[in-house]
Amino acid sequence: MGRGTLLSCPRPACYLLLLLLGNYGVLGSSGKQRGPLEERQSDVTEAAPWGRARYEAVKKQLGAVGALSKQYWQYLACKVWQEGCGKEEKTGPGWTLPLVGQDYLEILSAWYCSFGKCCKTGDCRIINNVTGLELDLHEHLHGQHLAKEIVIQAVRGFLESPQPQKALVLSFHGWSGTGKNFVARMVAAHLYRDGLKSECVRVFIALLHFPHHKYIDSYKLQLEKQISETVQLCKQSLFIFDEAEKLHFGLLDVIKPFMVHSDKSQQDNRRSIFLFLSNIGGSAINEVALDFWRAGRAREEIPVELLEQQLQLEMLQLNGYARSHLLEENLVDFFVPFLPLEYHHVKLCARDAFLARGLPYTEAALDEVARMMVFVPKEEKLFSAQGCKSVSQRINYFLP
């Protein structure tokens, strides 16, 4: 009974399972006539009480595997490969899976999954830790109250929806260094155990992955294949497109079918998330922030509706990403504006950089790092022209 089931399992998993189950159950094969070998073992153990105790302990442990291996294996197959989860076989009266045994199998399941594909959906380590994402953004994303609010609400609402109508599409806009890439990395890190390294996460950088327009037909085929394979492999996938404003129009047409409403005859893309990162609209966002500052109003008073309106006006004047079907057909669910960063925001970035490297810092050191940055406009010197980009490199000046 147990032998046939056990021999059909993957060898590494079987070995570990045998070790983990060593403390459970009792031997149910008593009453058989002992052979010559057993007689000799008995003589030895009778002559040495300690040796006999060891022998009986080993017998007891092996008996546990024989009694429970099939039930444990069914439980393991359900947890790891999602097979046989609905099967329930009659067992002896009062049989239950020991709580500690369940803990061992949870460890075994995580161990097995760490080697790669552990179920038909591909990466089984989807964690969707929205609470952790919210806390991380609150602590480390500076000066972006609107981006925090929109991203958290959008991601939480999408993940909590039992049957979303389409893929979630977010379009990040703002100057370089304001936190667009940082937020994209945080989303990946808190939705997937392996973060950006997950099989279910794909990152495309326009000028790196699609540099030559003369090869656009080849790029289109490759992009469609990679997206399709990832969606098939994973029950929830994440696609990040950096420098989206530089994507060729043809590539955007390839992406579009994966974001529209799916029906039963199509591949189900509704559990996918698309993040587009772009510098488009950065100037319009900065103008609104500057106007509020000149009027003596706090940046936290800026309404997202005003920024969305300014973004769309600027994007209508451009080609490529801004005028693609993604926007014309309202496939983008949320425009996420990233405001320009001020002096005190740069100091907070410098503080984070010191802490990340385990280095002590002083207020004077933070001020010195901030003063190294270029601030605009020339008159007000209000916003960092590079945001927080290169801040982590600048603290090298303070190393002993």
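Matching residues to (1) assigned to a helix (DSSP H, G or I); (2) open to solvent by less than 10 Å² (accessible area, probe 1.4 Å):
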position: Asp268; (1), (2): no, no
position: Leu307; (1), (2): yes, yes
position: Phe354; (1), (2): yes, yes
position: Leu359; (1), (2): no, no
position: Asp367; (1), (2): yes, no
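Against the condition at pLDDT 95 or above and not in a helix (DSSP H, G or I), how does Phe292 come out, does it pass?
Criteria not met by Phe292.
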### Message
Residue under question is Glu301, and the condition is that it be modelled with pLDDT under 95, open to solvent by 10 Å² or more (accessible area, probe 1.4 Å) and under 23 Å from Lys148 (Cβ atoms); does it hold?
### Response
no
### Residue pairs meeting the criteria (Cβ under 6 Å; at least 6 apart or on separate chains; first at positive phi, in region 362-388; second among the polar types (S, T, N, Q) and open to solvent by less than 30 Å² (accessible area, probe 1.4 Å))
Gly387/Thr178
### Message
Here is a check on your reading of the model: is Val332 among the hydrophobic types (A, V, I, L, M, F, W, C) and either in contact with a strand residue (DSSP E or B) (Cβ under 6 Å, 6 or more places away or on another chain) or closer than 24 Å to Val155 by Cα (or both)?
### Response
yes
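Residue-by-condition table, conditions (1) of a type in the set (Asp, Glu); (2) within 26 Å of Leu133 (Cα to Cα); (3) modelled with pLDDT of 95 or more:
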{"position": "Leu191", "(1), (2), (3)": "no, yes, yes"}
{"position": "Leu223", "(1), (2), (3)": "no, no, yes"}
{"position": "Cys234", "(1), (2), (3)": "no, yes, no"}
{"position": "Asp253", "(1), (2), (3)": "yes, no, no"}
### Task
Go through region 194-208 and give me each residue that's surrounded by fewer than 17 Cβ atoms within 10 Å (Cβ to Cβ) and assigned to a helix (DSSP H, G or I).
Gly195, Leu196, Lys197, Leu207, Leu208
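Yes/no matrix, rows are residues, columns are (1) more than 27 Å from Asn330 (Cβ to Cβ); (2) of a type in the set (Gly, Ala, Ser):
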{"position": "Ile127", "(1), (2)": "yes, no"}
{"position": "Glu149", "(1), (2)": "no, no"}
{"position": "Ile152", "(1), (2)": "no, no"}
{"position": "Glu160", "(1), (2)": "no, no"}
{"position": "Ala167", "(1), (2)": "no, yes"}
{"position": "Gly179", "(1), (2)": "no, yes"}
{"position": "Ala189", "(1), (2)": "yes, yes"}
### Message
Taking the conditions exactly as written (crowded, with 18+ Cβ neighbours inside 10 Å, at pLDDT below 95 and farther than 23 Å from Gln144 by Cα), does Tyr321 satisfy them or not?
### Response
yes
### Task
Considering only region 376-400, state which residues are open to solvent by 30 Å² or more (accessible area, probe 1.4 Å) and either part of a strand (DSSP E or B) or among the basic types (Lys, Arg) (or both).
Val376, Lys378, Lys381, Lys389, Arg394
### Query
Taking interchain pairs and intrachain pairs at least six residues apart, which have beta carbon atoms under 6 angstrom, with the first residue in region 272-290 and closer than 20 Å to Leu247 by Cβ and the second among the acidic types (Asp, Glu) and not in a helix (DSSP H, G or I)?
Leu277/Asp242
### Query
For region 274-287, does any single residue satisfy the condition of being farther than 30 Å from Pro164 by Cβ, polar (S, T, N, Q) and touching a strand residue (DSSP E or B) at 6+ places or on another chain (Cβ under 7 Å)?
yes
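Let's see how each residue does on (1) in the same structural domain as Glu328 (by the TED database); (2) within 23 Å of the chain's Cα centre (by Cα); (3) more than 22 Å from Glu314 (Cβ to Cβ):
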| site | (1), (2), (3) |
| --- | --- |
| Asn181 | yes, yes, no |
| His209 | yes, yes, yes |
| Lys214 | yes, no, yes |
| Gln226 | yes, yes, yes |
| Glu229 | yes, yes, yes |
| Leu233 | yes, yes, yes |
| Leu238 | yes, yes, yes |
| His261 | yes, no, yes |
### Message
Can you tell me how many residues within region 135-187 are at pLDDT 95 or above, open to solvent by 50 Å² or more (accessible area, probe 1.4 Å) and closer than 22 Å to Ser237 by Cβ?
### Response
6
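Each row is one residue, and each column tells you yes or no for (1) free of Cβ contacts under 8 Å to residues at least 60 places away in the same chain; (2) more than 14 Å from Leu170 (Cα to Cα).
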residue	(1), (2)
Asn269	no, yes
Ala298	yes, yes
Phe335	no, no
Tyr343	yes, yes
Leu348	no, yes
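The values are calculated or read from the model by the stated rules, or taken from the named source; none is laboratory data. Given the structure is predicted, the values throughout are model-derived calculations rather than measurements. Note that each Cβ is placed from the backbone with ideal geometry, even for glycine, and that neighbours are counted across all protein chains shown. These area figures cover heavy atoms from the full protein model, side chains too; ligands, DNA and RNA do not enter into them. Shrake-Rupley method; radii C 1.70, N 1.55, O 1.52, S 1.80 Å.
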